Amino acid sequence: MATMRWSPAWTSWPLLLALACGGESVATTDATTGEVDTDADTDTGEDEPTPVFVDWDDAALELILRRGEDVLLRFPGDALQLGEVDAVSDALSYDPVFSEPDAWRSVIGASAGDDASAVVDRTLEYEGGARARLRVFESAPGRFRVTLTPDSGDGLAYFRLRPITAADEGYYGLGEYFDSPEHRGRVRALQLEADGALESGYNEAHVPVPFLTGTRGWGLYVASDYPAVFDVAAAAQDRVAATFGTGPASGDGLEFHLFAADHPLDVTRHYYEVTGYPRKPAPWALGPWIWRDENDDQAQVEADLAMIRALDLATSAIWIDRPYASAVNTFDFEPARFPSPQAMIDLARAQGFQVALWHSPYVDADDPAAAELRAVAEDAGYFPPKTALLTSSWDEPVDFTNPDAYAWWKGQVEKYTAMGIAGFKLDYGEDVTVGFAGARTPWEFADGSSERTMHKGYARRYHEVYAETLPEGGGFLLCRAGAAGDQVNASVIWPGDLDANMARHGEKVNDDGDLYTAVGGLPAAVVAGLSLGPSGFPLFASDTGGYRHSPPDRETFTRWFEYTALTPVMQIGTSTNDVAWEFTADNGFDDETLAWYREYTRLHLRLFPYAWTLIERLAGDGRPILRPLGLAFPELGAHPPDTYMFGDALLVAPVIDHGARARDVHFPPGRWIDWFTLEVIDAGEGGLVRSVDAPLEKLPLYLAEGQLVPLLRPTVDTLAPTDAPDTVDSYAVDPGVLYARALLSADGAAATLFDGAALQLEVVDGGIVVTTTEGAVFRHGVQLELLDFGAPPSAVLEGAAALPEVADPEALEDQAAGWAHASGALHLKVGAGSRTITIAR
């Protein structure tokens, strides 16, 4: 075990006293990034970003993206291609999965244009005589908008971008996928497609996003909803090919954006600047959620609320899945089963639970209970003028491009929000497919759009209606589908119906004679979350335990809640209603499982100040919250699909193999400490791969050297308000003392929270200076745990006064201030307000 030591340096005692008593300021904090500058007088604490340029090389006929002297992307003549066909047919979808042009035309010449506002303006000459105008506009440092507009769309049906990249870099983004968050060597369809190999029957592309990031720090976003395919270094190891089937709209051209940053994690901010920053859920939405796939009745819901509190299970919210209404989307509660829904909602809220409902964009044409509402919608023309293949059980979806239909549906939803419903699980809404096997499945909408773009655009309109109904302080939308830019509506993505096991995506499974090709279970959930973060959807929540082929067995459920505890949003439920406190022969749960579940849901809840700070920082840095290891540390050259950074401080390596009690972990450079055992692993300057123990009850979770993780107190039950603060411990009622854990480096550690509260730990000769700054929320003091501290300190002082020492860290709970030393860790508690403490070695 590597342990950090400081030799007593009593000659530095005057310096420690000066710092403790209000000497020179040792730090300033950047309110946007949360980074602490330890030399504020001479250094801003931020490096200037490397300048980024887009150039056109007339001799080589190529567009070039550069960061300083480094060439990130090159678009030669065969990288800005037009796809020609003999004749554009309205019967074809021009889905590039199924079709391609009769000829791809490349650039053979260029002449300068006269647009002074553009950094590049060229008229491109193509093989076969076609011409197109290429213009590049600098939107901001590191961000460029590019338009490629042909003189005529006659005979054109496709565009293809084929930039040359590095032959060894990794690629992230493109939306939600289940096999790998890194795409090298893969061909990705960016729309739902039939896939007879998978049990679901389609390719599971619920959230396609034409935005790709390379690990050398560039981004390519194509602003098009037309059907697309990305070949990611599959046909050629140094090329990405993005093909869009624009069909009859080809004359409008193609718009795309080029981004660059010094670190690939910073590329996502440019994407947000173009498409919009993510919608934040309400803070309470980060607490654990519990749901049943089918609630029996109001009595069962109320019994669950009571059981959760009686068993001391940290939970902030529930949602009620269908069926609860008289029929699908009748905007009521079925009276026989839910006789007093307002009383039920009020009871939940009083006990510290917020309540959400399952919903979808349909009115059932076959259920008599929905007949009146259906007649209103039909008479008013609230459905699309033309529909094609329908994939739900409730007929066509509402046409939200019709302003009257939009307003009508919003008014219906507000019947629920007026009762106190604070969020919705938004299912389905994916009927609008681009076609089938290359033929159109033609739709028409009130605004004149068709399925050519609404196969992606429908999700945005559908989610926008509900986003506008949420409480002013924020709510919760859990969305199954999405598209580029939909992060402004969709708070959280969930991946639909994953398998309730540990199967990988596409794995052949024999479940007691039930043979199927898996959509994927826990491994697919981990991959999906890591693919969405760099795609502009920072919040993800899989069904903890899975859905298909439920129930999950004891091991699957345990490994799944260990994983979701270390994500920003933790929602728990299966298709067989496997709540943790109901033990059955099928699920194998027991008291030991329940105890583990209690521990991990509490850990998730306690991590709220850390997770919410990362969410608030999105508006400043745009960095994904869950960061694939290969994107966070591109210098490693490794892209494990099951290891990630949760923010800057936490390395998470979920166990995703059934029966495994150890796993290999890729450790980036530096020192890391096991969150549970406090074992220190020194990965050196180059990082290392090491096998670590992972018994069933233990998640491989590590805190990085030089990082500090803020936490809530250990007893908190909920993030939501409560009317019973004497029995339900609520952060919303009393944020309480701020807890924190840190592993010091030679440079100390620091954190600034979402409310302005700050902790800084500076290593100086002879000891450590701890500075706490009161925030708008956390104003009741700090309890800090310094891990791998070594021997006890010789003194702990505030000003010139010694803080009292106690024998047991738990005794600090009853102290206004003090310290304790146990198991090589120093526990320090300081009072309210802004404080400076010195720890002498």
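Could you report the accessible area of T564 in Å², rounded to 10, computed with a 1.4 Å probe on the protein chains as they sit in the structure?
T564 has an accessible surface of roughly 0 Å² with all protein chains in place.
Give me the 1.4 Å probe accessible area per residue for the stretch 458-587, excluding ligands and nucleic acids, in Å². Can you show the working numbers first?
Numbers: 3070 Å² over 130 residues.
About 24 Å² of surface per residue is accessible.
Using only the alpha-carbon atoms, how far is helix 403-417 inclined from the longest principal axis of the chain? Give it as 0 to 90 degrees, nearest 10.
That helix lies at roughly 30 degrees to the long axis.
Give me the percent of the accessible area of the chain that comes from carbon and sulfur atoms, probe 1.4 Å, all protein chains in place.
Numbers: 13750 of 29200 Å².
Of all accessible area on the chain, carbon and sulfur atoms account for 47 percent.
Compute the FRET efficiency between V488 and S794 as 1/(1 + (r/R0)^6), taking r as their Cβ-Cβ distance and R0 = 41 Å, and round to the nearest 0.05. Display every interim value, and only then the final one.
Details: r = 55 Å, r/R0 = 1.33.
The formula returns an efficiency of 0.15 here.
If you count, for each residue, the other Cβ atoms within 10 Å and average over each peptide, how do 820-831, 222-233 line up from highest to lowest?
Numbers: 820-831: 19.4, 222-233: 23.9.
Highest-to-lowest ranking by the protection proxy: 222-233, 820-831.
May I ask you to order 332-339, 285-292 by the average number of other C-beta atoms within 10 Å around their residues, highest value first? It would help to have the intermediate numbers written out before the result.
Numbers: 332-339: 15.8, 285-292: 24.9.
Descending packing order for the listed peptides: 285-292, 332-339.
Charges only on Cβ, +1 for Lys and Arg, -1 for Asp and Glu: so what's the dipole of the stretch 575-657 about the Cα centre, in debye to the nearest 20? Present the calculation step by step, with values, prior to reporting the outcome.
Numbers: 6 positive and 13 negative charges, 110 e Å.
It comes to approximately 520 debye.
About the Cα centre of the stretch 460-593, how large is the charge dipole given +1 on each Lys and Arg Cβ and -1 on each Asp and Glu Cβ? Please answer in debye to the nearest 20. Working shown, then result.
On the way: 8 positive and 20 negative charges, 147 e Å.
So the dipole magnitude of the stretch 460-593 works out to roughly 700 debye.
Just want the answer: with Cβ charges of +1 for Lys and Arg and -1 for Asp and Glu, which residue in S823, L470, I656 is farthest toward the dipole's positive end in the chain?
Toward the positive end, the furthest listed residue is S823.
Given a Förster distance of 25 angstrom, what is the FRET efficiency for E472 paired with D726, based on the Cβ-Cβ distance and rounded to 0.05? Please list the in-between numbers first.
Working: r = 29 Å, r/R0 = 1.15.
The formula returns an efficiency of 0.30 here.
Put +1 on the Cβ of every Lys and Arg and -1 on every Asp and Glu Cβ in the chain; which of A235, P809, A369 then has its Cα farthest towards the positive end of the dipole?
Value: P809.
Toward the positive end of the charge dipole of the stretch 492-640, about the Cα centre and with charges on Cβ (Lys, Arg +1; Asp, Glu -1), which of P609, L566, P640 goes farthest?
Result: P609.
Expressed as a whole number of Å, what is the distance separating the alpha-carbon centroids of the stretch 286-338 and the stretch 767-841?
43 Å
Within a Cβ distance under 13 Å of L711, other residues only, what is the Lys/Arg minus Asp/Glu net charge? Provide the component values of the computation, followed by the final result.
Values: positive: R602, R606, R713, R741; negative: E785.
Counting the neighbours of L711, the net charge comes to +3.
Enter the accessible area of E414 (Å², nearest 10), with the probe set to 1.4 Å and all protein chains included.
80 Å²
Please determine, in degrees from 0 to 90 and to the nearest 10, the orientation of helix 371-380 with respect to the longest principal axis defined by the Cα atoms of the chain, where the helix direction is its Cα long axis.
The angle comes out at about 60 degrees.
Can you work out the PRE-style zone for D293? Point 7 Å along Cα to Cβ, and I want the residues of the stretch 586-617 with backbone N under 20 Å.
The answer is 586-590, whose backbone nitrogens lie closer than 20 Å to the label point.
With Cβ to Cβ distances under 10 Å as the rule, what net charge do the other residues near Y739 carry (K, R +1; D, E -1)? Intermediate results must be reported in sequence, preceding the final value.
On the way: positive: R606, R713, R741, K829; negative: E785.
So the environment of Y739 carries a net charge of +3.
Can you tell me the accessible area per residue over the stretch 60-182, all protein chains present, probe 1.4 angstrom, in square angstrom?
Working: 4760 Å² over 123 residues.
On a per-residue basis, the stretch 60-182 sits at 39 Å².
So how far, in whole Å, is the C-alpha centre of the stretch 191-217 from the one of the stretch 157-187?
What the calculation gives is 11 Å, centre to centre.
Obtain the nm distance between the two label points defined at S139 and A407 by a simple spin-label model: each point lies 7 Å from its Cα along the Cα-to-C-beta direction.
3.2 nm
What is the distance in Å between the Cα centroid of the stretch 476-503 and that of the stretch 714-743?
28 Å
Where nothing but the Cβ of Lys and Arg (+1) and of Asp and Glu (-1) is charged, how large is the charge dipole of the chain around its Cα centre, in debye to the nearest 20?
Numbers: 59 positive and 129 negative charges, 182 e Å.
Dipole about the Cα centre, nearest 20: 880 debye.
Specify whether the C-alpha gyration tensor of the chain places it in the rounded, prolate or oblate class, a ≥ b ≥ c being the square roots of the eigenvalues: rounded for a/c under 1.5, otherwise prolate if a/b is larger than b/c and oblate if not. Provide the component values of the computation, followed by the final result.
Numbers: a/c = 1.93, a/b = 1.26, b/c = 1.54.
It is oblate, given that a/c is not under 1.5 and a/b is not larger than b/c.
Taking only Cα atoms, what is the 0 to 90° angle, nearest 10, from helix 522-532's long axis to the longest principal axis of the chain?
Helix 522-532 sits roughly 80 degrees off the main axis of the chain.
Quick one: compute the contact order of the stretch 732-775, relative version, from alpha carbon pairs under 8 angstrom and 6+ residues apart, as a percent. Please list the in-between numbers first.
Details: 52 pairs, mean separation 12.2, N = 44.
It comes to 28 percent, rounded to a whole number.
How high is the relative contact order of the chain? Use alpha-carbon pairs under 8 Å, at least six apart in sequence, and give a whole percent.
Working: 2148 pairs, mean separation 104.0, N = 841.
The normalised contact order for the chain reaches 12 percent.
Rounded if a/c is under 1.5, else prolate if a/b beats b/c, else oblate: with a ≥ b ≥ c from the C-alpha gyration tensor eigenvalues square-rooted, which is the stretch 342-400? Walk me through the intermediate numbers first.
Numbers: a/c = 2.98, a/b = 2.35, b/c = 1.27.
Since a/c reaches 1.5 and a/b is larger than b/c, the shape of the stretch 342-400 is classed as prolate.
Can you compute the FRET efficiency between D395 and T584 using 1/(1 + (r/R0)^6), with r the Cβ-Cβ distance and R0 = 35 Å? Round to the nearest 0.05. Please list the in-between numbers first.
Details: r = 36 Å, r/R0 = 1.04.
Approximately 0.45, to the nearest 0.05.
Can you give the calculated 222 nm mean residue ellipticity of the chain, where each DSSP H run of n ≥ 4 adds -39,500 (n - 2.57) and the sum is split over every residue, rounded to the nearest 500 deg cm²/dmol? Numbers along the way, then the final one.
Values: 12 runs with 139 residues, N = 841.
Taken over the chain, the calculation gives -5000 deg cm²/dmol.
If you stretched the chain out fully between E805 and S152, how much longer would it get, using 0.36 nm times the residue separation minus the C-alpha to C-alpha distance?
Values: separation 653, 0.36 × 653 = 235.08 nm, distance 8.08 nm.
Working it through step by step, the gained length comes to 227.0 nm.
The values are calculated or read from the model by the stated rules, or taken from the named source; none is laboratory data. Because the structure is predicted, anything quoted here is derived from the model rather than measured. Heads up, the Cβs are rebuilt from the backbone with ideal geometry, glycines too, and the neighbour counts pull from every protein chain shown. Side chains included, ligands, DNA and RNA excluded: accessible areas come from the protein's heavy atoms. Shrake-Rupley method; radii C 1.70, N 1.55, O 1.52, S 1.80 Å.
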